[in-house]
Every structure is written in C-alpha cells, then in structure tokens.
Amino acid sequence: MVKLQMIENRLGAAKLKLTKCRRNVIIQENKIRTLQNSLEAKKEEIQLTKIQSDRLELELRTREDAISKSRAQLNLAKTNKEYAAILTQLNTTKADNSKLETQILDFMKDIEADEAEVNELNIQIDAEKQKLETIRKKSEANGVKFEADIKQIQEEWDDAAAGIPAEPLEIFKRVAETYDGEALAFVEKDDPKQQTYTCCGCFMGVTAETVNLLMTKDEVIRCPNCTRILVLGQNES
Ligand SMILES: [Zn+2]
C-alpha cells in the first residue's frame, strides 16, 4: 500500500501539471476579456460624450442665429432705450456662447484622450492575443505529454492496486479522495524514551495500543482522528 501511495502521489502531481498548463490558457483568455470589457466601456464613454457635445453644438448654433437676429434688430432700434436693451441681450448671449464653446472644447479634449486610450487598448489586446496563441500551442503540446504521463502512471497504479485486496483498496481510494490523494499517514514516536506516538497526517496522538496492532496485525488501521490509513514510520517498524 505504501507503493500505491507513492504512485498515487506521482499521479496527483502529473494531474496537477495538466490542470496548471490548461489553466494558463484560461488565465490568458480572462486577461483578454478584461481588456475587451475596458475597450467597450471606453467606446461607450466616447459615444456619450459625443452626444453631449453634439447637443451643446446645436444649442450654440441656435444662439448664434439669435445673435445675428439681435444684430439686425440693433440697426432697426428706434430709441436709445430699445438699442440698449437689445445690446444687453446680445452681450448676454455672447457670454453664454463663449461658455458653451469652452465646454465643447473640453468635451473634444476628453474624446481625444479616450480615443488615445482605445488605441492603446487595441494594441494591448492584439499583443495579448498573440501571447494567447503561444500559450495555447505550448499548453496543447504539454497537455499531450502530461496525458501520456498520467496514462502510464495510471497503469502502474492499476498494477499496484491489483495486489491489494478489495476492501482495503476501497478504503484507500475513499481516504485519498478526502485528503487530495494523501491516504496514508506515518505514525512517529514523539520521543525515543517514551511510548507516545503521533499521526503525521493530522499531528494528533495515536495510542500505544494502536501502534501495537499495527506492528502485530496485517490489516488496515486508521487514525481515529483524521481516518487516514496508518503506516509505521521508519523508526517504529
Ligand atoms: Zn491522523
């Protein structure tokens, strides 16, 4: 069973390698997706700014028409009072327009900055996509290799398992599943001078009685605390 545990460990390591090499592709895909989301958000922002800017542009044009009309009225003014009133109106509109022009200019600056960011994001996305291709190719090549390794180790596992009776093997499989492949735990003596023992799986005490059973009987004995299958350590066996 110790041999099976050693093969089980190798099997676990090989499977982990396969998972990791496949995960690299997913991580890179997620990275690209995040960048693409930022790109879409930026584009939407530009769209919204353009709508606001267009609205102001329209307002500006309407007010410019008003100014032209005021100018025409100015020439037709019959009294000084009327002239002054139109002039005041004209100046107010002019002042408003200059504010609008500043706002429109600010929007244009925002759009320019956002468009630069969009370009930057597009460049980044292209670069990350190229990286993804490299990672994918590498992952596929490694995946084939790791799968072959797993297959070979699995065969060794099956051979080793064939030498173990059905019931202990079932226990082994169940505990291995619970503890991520770690079905066995060594029992170590705490102190050479004392008869106290510890399970190296959970580091809880194991009674001398249990250790005695382990030494004398050829059956599966499990840690009462963590349920791992106990194996005598080098010093005890
Ligand atoms: Zn234990």
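The numbers here are math on the coordinates, done by the rules we state, and not lab data. This one's a predicted model, so the numbers in the text were calculated from it and none came from an experiment. Cβ atoms come from the backbone with ideal geometry, glycine included; neighbour counts cover every protein chain shown.
Over the C-alpha trace of the chain, radius of gyration and Dmax come out as 39.4, 126 angstrom. Sparse packing (at most 12 other Cβ atoms within 10 Å of the Cβ) combined with a DSSP loop state is found for the following trypsin sites (Lys or Arg not before Pro) in region 169-198: Lys193. When the Gaussian network model of the chain links Cα atoms closer than 10 Å, the mean-square fluctuations of Ile32, Ile123, Ile153 top out at Ile123. In order along region 217-222, phi translates into HN-Hα couplings of 10, 9, 9, 6, 10, 10 Hz, rounded to whole numbers, per the Karplus curve 6.51 cos²θ - 1.76 cosθ + 1.60 with θ = phi - 60° and x for Gly and Pro.
Note: relative contact order over the chain, using C-alpha pairs below 8 Å and six or more positions apart, is 24 percent. Among the trypsin sites (Lys or Arg not before Pro) in region 1-100, those placed in a DSSP loop whose Cβ has at most 10 other Cβ atoms within 10 Å are Lys78.
With contacts defined as alpha carbon pairs under 8 Å and 6 or more residues apart, what's the relative contact order of region 16-124 in percent?
45 percent
Write down the percent of antiparallel bridges among all DSSP beta bridges whose residues are both part of region 118-237, to the nearest 5.
Restricted to region 118-237, the bridges split so that about 60 percent are antiparallel.
Qualifying GluC sites (Glu not before Pro) in region 127-221, where qualification requires a DSSP coil assignment and no more than 11 other C-beta atoms within 10 Å, comprise Glu219.
If you restrict to DSSP beta bridges whose two residues both lie in the chain, what percentage is antiparallel, to the nearest 5? Counting DSSP beta bridges with both partners in the chain, the antiparallel share is about 60 percent.
Calculate for the chain the 222 nm mean residue ellipticity that helices alone would give, adding -39,500 (n - 2.57) per DSSP H run of length 4 or more and normalising by residue count, nearest 500 deg cm²/dmol.
Estimated from H runs of four or more residues: -28500 deg cm²/dmol.
Spatial offset of region 208-230 relative to region 1-41 amounts to 36 Å, using the alpha carbon center of each.
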